[in-house]
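The values are calculated or read from the model by the stated rules, or taken from the named source; none is laboratory data. Since the model is a prediction, treat every value here as computed from it, not as a measurement. Methodologically, a virtual Cβ is constructed for each residue, glycine included, from the backbone with ideal geometry; neighbour enumeration extends over all protein chains shown. Accessible surface is based on the protein model in full, side chains and every heavy atom, while ligands, DNA and RNA are left aside. Shrake-Rupley method; radii C 1.70, N 1.55, O 1.52, S 1.80 Å.
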Amino acid sequence: MNEESQKRGQLVVLASAVTKSYQMGSEFITPLKAVDLQVQRGEFLALSGSSGSGKTTFLNLIGGIDIPSSGEIKVDGVPLQRLKSDQLARFRAEKIGFIFQTFNLIPTLSALENVEYPLVLLRMKPSERRALAMEALARVGLEKFVKHRPPQMSGGQRQRVAIARAMVKNPPLVLADEPTANLDARTACEILDLMAKLNRELGTTFVFSTHDARILERASRIFKVGEVA
């Protein structure tokens with residue numbers, strides 16, 4: 001068994017009895033109740049469910065952006081709730097890539113600078129982070145657009161920059177929240193082809209929050225997030 005096959009057999013996400021509640025006025029809303037999920041390394045997994053079912057909430061919990069009201073989440077073997085805020089921020093920066101439906105790029109920075117930004121947070125040397133950012137942009141087919149700023153790029157190009165930014169640190173896990181929502185049909189298919197290729201060739205684990213049938217058709221597995229009670 002080669003190294004990549006061994007990696008694909010490992011758990012990258014383990015969620016046990018995860019519940020999340022919010023207080024709105026005098027009422028409590030619980031979008032997630034005692035959810036269990038195991039994600040193997042190398043999966044191309046889709047979290048599905050109707051609006052309000054809690055799929056984005058669950059994605060944010062897996063990413064350490066929010067914390068569960070109860071239960072436990074481990075990413076790459078690390079229990080997120082046991083990390084202090086600065087440790088959690090560092091863990092996210094090193095281990096998790098994020099792709100958003102609104103791209104979340106910094107409009108005043110070039111494509112190259114946007115992709116470099118996570119490596120700046122990791123205090124990597126300028127020459128090293130520049131080389132890694134160039135490699136990531138080439139991987140998504142944007143080596144000729146390194147100096148372009150987001151307002152000068154199409155939606156598909158901006159999402160490719162966002163993918164390069166998520167992948168530049170070679171994380172074990174990439175979380176994508178409705179990554180095709182703001183793209184036309186043709187561009188959405190091209191972006192899905194790209195992410196599937198990265199998953200296949202690099203073994204990166206992708207977890208999507210989506211209701212897009214095109215993603216659901218390509219997913220290696222679909223996890224149905226329950227409806228709000």
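Key figures for this structure:
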read-out	value
Average Cα contact separation per residue, the chain, under 8 Å, 6 or more apart, as relative contact order %	30 percent
Carbon + sulfur, % of accessible area of the stretch 80-229 - ligands and nucleic acids excluded, 1.4 Å	51 percent
In Å², nearest 10: area of residue 94 left accessible to a 1.4 Å probe	70 Å²
Note, ³J(HN,Hα) from phi for the stretch 110-127, Karplus 6.51, -1.76, 1.60, rounded to Hz, x at Gly and Pro	6, 4, 4, 5, 5, 6, 5, 3, x, 6, 4, 4, 8, 6, 7, 4, x, 5
Average accessible surface area per residue within the stretch 30-107, 1.4 Å rolling probe, Å²	44 Å²
Computed magnitude of the charge dipole of the chain (debye, nearest 20; Cβ of K, R +1, Cβ of D, E -1)	500 debye
Residues whose placed amide H lies under 5 Å from that of residue 223, excluding near-sequence neighbours	46, 47, 48
Exposed-site-free run, longest, the chain (rule: trypsin sites (Lys or Arg not before Pro); DSSP loop; at most 12 other C-beta within 10 Å)	1-83
Karplus (6.51, -1.76, 1.60) ³J(HN,Hα), θ = phi - 60°, over the stretch 144-161, in Hz, Gly and Pro reported as x	8, 10, 4, 8, 6, 8, x, x, 8, 10, 6, x, x, 5, 5, 5, 5, 4
Amide H contacts under 5 Å for residue 66, placed H, 5+ residues apart	61
Within the chain, helix-based [θ] at 222 nm, where runs of 4 or more DSSP H residues each add -39,500 (n - 2.57), nearest 500	-11500 deg cm²/dmol
Nonlocal Lys pairs with alpha-carbon distance under 18 Å, the stretch 16-131 (8 or more apart, or different chains)	9
Viscosity 0.890 mPa s, temperature 25 °C, Stokes-Einstein D of the chain from Kirkwood C-alpha radius, µm²/s	135 µm²/s
